[in-house]
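Structure first, then comments.
The values are calculated or read from the model by the stated rules, or taken from the named source; none is laboratory data. All values reported here derive from a predicted model rather than from experimental measurement. Neighbour counts are summed over all protein chains in view; Cβ atoms, including those assigned to glycine, are modelled from backbone coordinates with ideal geometry.
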Amino acid sequence: MSAFFYYLATATESTLSVFGIRAPYEQPKYEVVGHVDNDVELRAYAERTAAETPIRQSNDGEAFGRLFRYITGANTGGKHIAMTIPVQMTPRRIATTVPVEAGGEGVMRLFLPAAVVAHGPPAPTDPLVHIVTLPPQTFAVLRFSGAVTPESRQVHETALLNAVTHAGKHPDGAPSLLSYDPPFAIPFLRRNEVAVKVGS
């Protein structure tokens, strides 16, 4: 795809996402294997490959900028890679029944399209961007809409972790925020999720 059509497609997808239309975007494959309660589902994700970079706060614009530059040509060969959803943000903190303050460095991930993974992802030119492959994993996931603020994120993480522990499951690691829409999307049409890896 030429650079012109790549950027035209990207602009069109961004415009559609304002209204909660996400069909053009590829997502990691998963299977719903159960529910913790009426609001929290269990998802078994297949192996996924992502571009990853450090973040130092929620919604870190610099981190997203590094990932966006990677998919728009800051890689060996200058290849253009299709945008995917969701963007995953995970703080470096321990999952407990009540989340602690988000502090320190975390990671932001942008999952790569299956076709790119099949041919081998190009190496990033930015030393702060890395390619990682995640093994199959099971997550408990809670979906919510609206703008994401530190307060709303904490409320939903607390609800998620309480539901998981009350069901006899064991959170494994810190909850992640999964963002399916850009910050300028209409708030009530936004799809946000908090997810935590679970054991038995």
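A few remarks follow.
- Pick from the stretch 183-197, criterion crowded, with 16+ Cβ neighbours inside 10 Å and at pLDDT below 95, ranking: nearest to the chain's Cα centre (by Cα): ARG191
- Test for PRO150: is it in contact with a helix residue (DSSP H, G or I) (Cβ under 7 Å, 6 or more places away or on another chain), within 25 Å of PHE68 (Cβ to Cβ) and either loosely packed, with under 15 Cβ neighbours inside 10 Å or modelled with pLDDT of 95 or more (or both): no
- Subset of the stretch 98-144 that is touching a helix residue (DSSP H, G or I) at 6+ places or on another chain (Cβ under 7 Å) and surrounded by fewer than 17 Cβ atoms within 10 Å (Cβ to Cβ) - its residue that is modelled with the lowest pLDDT: VAL98
- Scanning the stretch 140-170 for residues that are free of Cβ contacts under 8 Å to residues at least 40 places away in the same chain and not in a helix (DSSP H, G or I) returns THR149, GLY168, HIS170.
- Among the residues of the stretch 35-62, those identified as at pLDDT 95 or above and among the small types (Gly, Ala, Ser) are ALA44, ALA46, ALA50, ALA51.
- Near pairs, Cβ below 6 angstrom, 6+ apart or cross-chain, from the stretch 112-139 (assigned to a loop (DSSP other than H, G, I, E, B)) to any residue that is among the aliphatic types (A, V, I, L, M): PRO113/ALA82; PRO121/LEU112; PRO121/ILE131; THR125/ALA74; ASP126/ALA74; VAL129/ALA51; PRO136/ALA46
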